[in-house]
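Asker: This structure is in structure tokens; I'll ask about it shortly.
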Amino acid sequence: MDPLPWWKTATGYQIYPRSFCDSDSDGDGIGDIPGIISKLDHLADLGIGFIWLSPVYASPMIDNGYDISDYRDIAPAFGTLDDMDRLIAEAKARGIEIVMDLVVNHCSSEHPWFNAALASPEAPEHDYFVWREPRAGTTAPPNDLLSAFGGPAWTYVPSLGKYYLHQFASAQPDLNWENPALRAEIYAMMNWWFDRGIGGFRMDVIDLIGKDVGAGIMAEGPNLHAYLQEMHGETLAGRDVVTVGESWSVTPQTGILYCGEDRGELSMVFQFEHVKAGWHETFGKWKPLPFDLPTFKKAFFDWQIALADDGWNSLFLTNHDLPRQVSKYGDDGEHRVRSAKLLATVLHFMKGTPFIYQGEEIGMTNSRFERLEQFRDVELFGHHEAVMAQGHSLEEFISGANANGRDNARTPMQWTAGENAGFTSGTPWIEVNPNYTEINVDADRSDPDGLIAFYRHLVHLRQTLPILTQGTFRPFSAEHEQIFAYARGFDGQRLSVVANVSSEPVSYDIPEGLACRGACLVHNFEPRAELTGRIELAPWEAVAILSE
Ligand code: TEU
């Protein structure tokens with residue numbers, strides 16, 4: 001049998017550079033590349049195989065770097081190209097690849113392409129963007145399309161008498177992928193980075209590039225897969241790299257189109273079904289619905305089954321756009337460590353490539369802000385007024401933002417119990433979570449039962465146990481309100497995972513097919529040697545047993 005590609009046995013680690021580590025040399029309160037280099041040993045110790053680095057390119061930072069003004073340079077706040085080359089080399093020396101963030105559905109309104117496009121409709125770059133006349137006989141936007149960051153998705157340019165499209169902030173004009181010269185520029189840029197030694201790309205909102213604006217189809221548009229196949233041919237083919245496409249619209253039915261073995265597109269996608277299931281119909285993420293375990297499990301189970309024989313799953317619960325997992329799905333109070341271990345267990349033993357978001361490995365919790373001024377995010381400020389106009393009070397809005405906003409998981413990484421959690425010697429760009437005195441890398445690392453030790457073990461198991469990478473997947477008790485259970489199978493072996501996702505003890509009759517006796521691979525309460533008959537599980541208890 002062919003050996004598996006490296007990224008199927010590897011665990012990824014996401015760095016949000018602004019909040020990871022600010023090097024002592026500048027102390028400007030913003031994390032940077034020298035800061036990341038200084039912490040590579042922490043990541044090597046966890047055993048991770050690659051870093052997904054959120055954008056570090058030149059940017060006016062309207063959306064913390066997801067608005068790129070030069071794809072071939074580094075933002076001064078983060079460092080220089082030399083720093084980036086050093087990061088790639090230093091990571092490689094520790095067996096870690098750097099996966100950059102490819103943000104090419106849109107660029108920054110300060111990108112030279114957009115400046116040229118504004119200066120003249122005759123410039124070749126004008127057609128790199130999406131332009132429309134106002135609605136006939138008016139100055140109103142061409143249609144009612146809304147931006148993900150609030151307000152219309154169209155901004156008027158008086159000097160041209162036309163609107164341009166932006167699905168995110170007005171400072172993030174959408175690129176027109178129908179223009180072949182634009183596509184060629186992007187492929188050349190990707191190859192330029194590959195030649196510098198990076199190990200792949202995470203592709204921002206990649207489902208939006210194939211849009212058909214005339215027909216009003218933005219996500220998974222008619223050209224999406226043709227562009228991904230073309231991109232593959234021009235950049236990825238023949239390179240031993242990993243690609244992860246972010247797609248908020250992908251379903252278990254369409255997933256295979258992005259990552260099927262014979263498709264020549266991507267290695268895997270980030271899908272968000274488990275996230276969207278928790279959003280309110282009218283108020284969206286700003287009014288979270290109560291957590292519902294069966295719905296949550298269904299999202300994962302459906303994907304495991306859909307990609308059982310072809311394609312590949314990514315496994316994650318949180319990232320820089322989502323709340324901290326222990327606050328959202330676990331218990332960030334009394335059972336913080338135990339519930340964090342439970343979430344890690346149920347996630348990492350499924351089939352796919354798991355991702356750890358910075359701080360997850362020490363069970364960092366969501367920050368709770370009290371005032372609007374403590375928030376920083378362009379998305380939040382873009383929605384604030386409209387959500388309030390729908391009848392939400394300021395208090396409700398802040399409480400929704402604390403539960404589901406993007407800032408609350410973007411607070412600085414908590415390294416030590418010292419000043420600013422050891423993140424910076426300056427003033428952090430966003431407040432440090434006050435619980436850093438208790439929750440920090442130093443404290444967790446000194447505890448053999450801590451979360452770092454637990455994650456290190458999970459990462460190691462993934463590298464060494466074929467049942468994790470290749471085994472079959474069978475869900476159990478899908479409708480159960482407290483239990484998350486499944487079995488993996490490989491070569492006559494069984495791996496059974498059972499977890500009590502609640503603060504109450506539970507009695508559970510182990511179904512046939514899940515029963516297992518053997519070695520306890522991980523536990524967060526008491527070790528067990530078997531799962532048979534009726535078992536009593538403590539609050540947030542999780543256990544995984546590998547049959548003999
Ligand atoms: O996110 C895609 C995206 O759609 C998010 O804006 C998402 O809808 C939102 O966070 C949920 O409320 C990607 C990046 O991950 C995000 O950080 C960027 O802001 C966005 O694209 C634009 O580049």
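Read-outs throughout are calculated quantities, based only on the coordinates presented, and are distinct from any laboratory measurement. What you are looking at is a predicted structure, and each value in this text was computed from that prediction instead of being measured. A quick note on method: Cβ atoms are made from the backbone with ideal geometry, for glycine too, and the neighbour counts reach across all protein chains shown.
Asker: Report the residues of the stretch 312-347 in range of a label on residue 279: point 7 Å along Cα→C-beta, backbone N strictly under 19 Å from it.
Answerer: Zone members listed by number: 316-325, 328-329.
Asker: On to the next question. Assuming a ≥ b ≥ c are the square roots of the Cα gyration tensor eigenvalues, decide whether the stretch 112-165 counts as rounded (a/c under 1.5), prolate (otherwise, with a/b larger than b/c) or oblate. Numbers along the way, then the final one.
Answerer: Details: a/c = 2.49, a/b = 1.45, b/c = 1.72.
It comes out oblate by the Cα gyration axes.
Asker: Explain nothing, just compute: Karplus ³J(HN,Hα) = 6.51 cos²θ - 1.76 cosθ + 1.60, θ = phi - 60°, for every residue of the stretch 150-160 in order, whole Hz, x for Gly and Pro.
Answerer: Once θ is set to phi - 60°, the couplings for the stretch 150-160 become x, x, x, 8, 10, 10, 7, 10, x, 5, 9 Hz.
Asker: Can you divide the C-alpha Rg of the stretch 280-408 by 2.2 N^0.38 Å and report the result to two decimal places?
Answerer: Compactness ratio reported: 1.16.
Asker: In whole Hz and in residue order, list the ³J(HN,Hα) couplings for the stretch 406-416 that follow from phi through the Karplus curve 6.51 cos²θ - 1.76 cosθ + 1.60, θ = phi - 60°; x for Gly and Pro.
Answerer: Karplus values, whole Hz, x for Gly and Pro: 8, 5, 6, 10, 9, 5, x, 4, 9, 8, 9.
Asker: Now for a separate question. ³J(HN,Hα) across the stretch 91-97 via Karplus (A = 6.51, B = -1.76, C = 1.60, θ = phi - 60°), whole Hz, x for Gly/Pro?
Answerer: 5, 4, 4, 9, x, 10, 8
Asker: Please compute the modelled spin-label separation between residue 229 and residue 372, points set 7 Å along Cα→Cβ, answer in nm with one decimal.
Answerer: Computed distance between label sites residue 372 and residue 229 equals 4.9 nm.
Asker: Could you give the angle, 0 to 90 degrees to the nearest 10, between helix 293-306's Cα long axis and the longest principal axis of the Cα atoms of the chain?
Answerer: Rounded to the nearest ten degrees, it is 80.
Asker: Still on this structure: Any chance you could tell me what percent of the C-alpha pair distances in the chain go past 44 Å?
Answerer: Across the chain, Cα pairs with separations above 44 Å total 14 percent.
Asker: Computed FRET efficiency, Cβ-Cβ of residue 393 and residue 178, R0 30 Å: what is it to the nearest 0.05?
Answerer: Computed FRET efficiency for residue 393 and residue 178 comes out at 0.10.
Asker: Right, here's the next one. Which FRET efficiency value, to the nearest 0.05, is calculated for residue 219 and residue 548 with the Förster distance at 51 angstrom and r the Cβ-Cβ distance?
Answerer: 0.60
Asker: Would you mind getting the Kirkwood hydrodynamic radius of the stretch 472-547 from its Cα pairs, rounded to one decimal in Å?
Answerer: One over the average 1/r among Cα pairs gives 12.2 Å for the stretch 472-547.
Asker: With each label point set 7 Å from Cα along the Cα-Cβ vector, what nm distance links residue 262 and residue 159?
Answerer: 5.2
Asker: May I ask you to list the lysines whose Cα is less than 30 Å away from that of residue 341, ignoring any residue fewer than eight positions away on the same chain?
Answerer: Once the sequence-local lysines are set aside, what remains near residue 341 is 8, 39, 92, 276, 285, 287, 297, 298, 328, 351.
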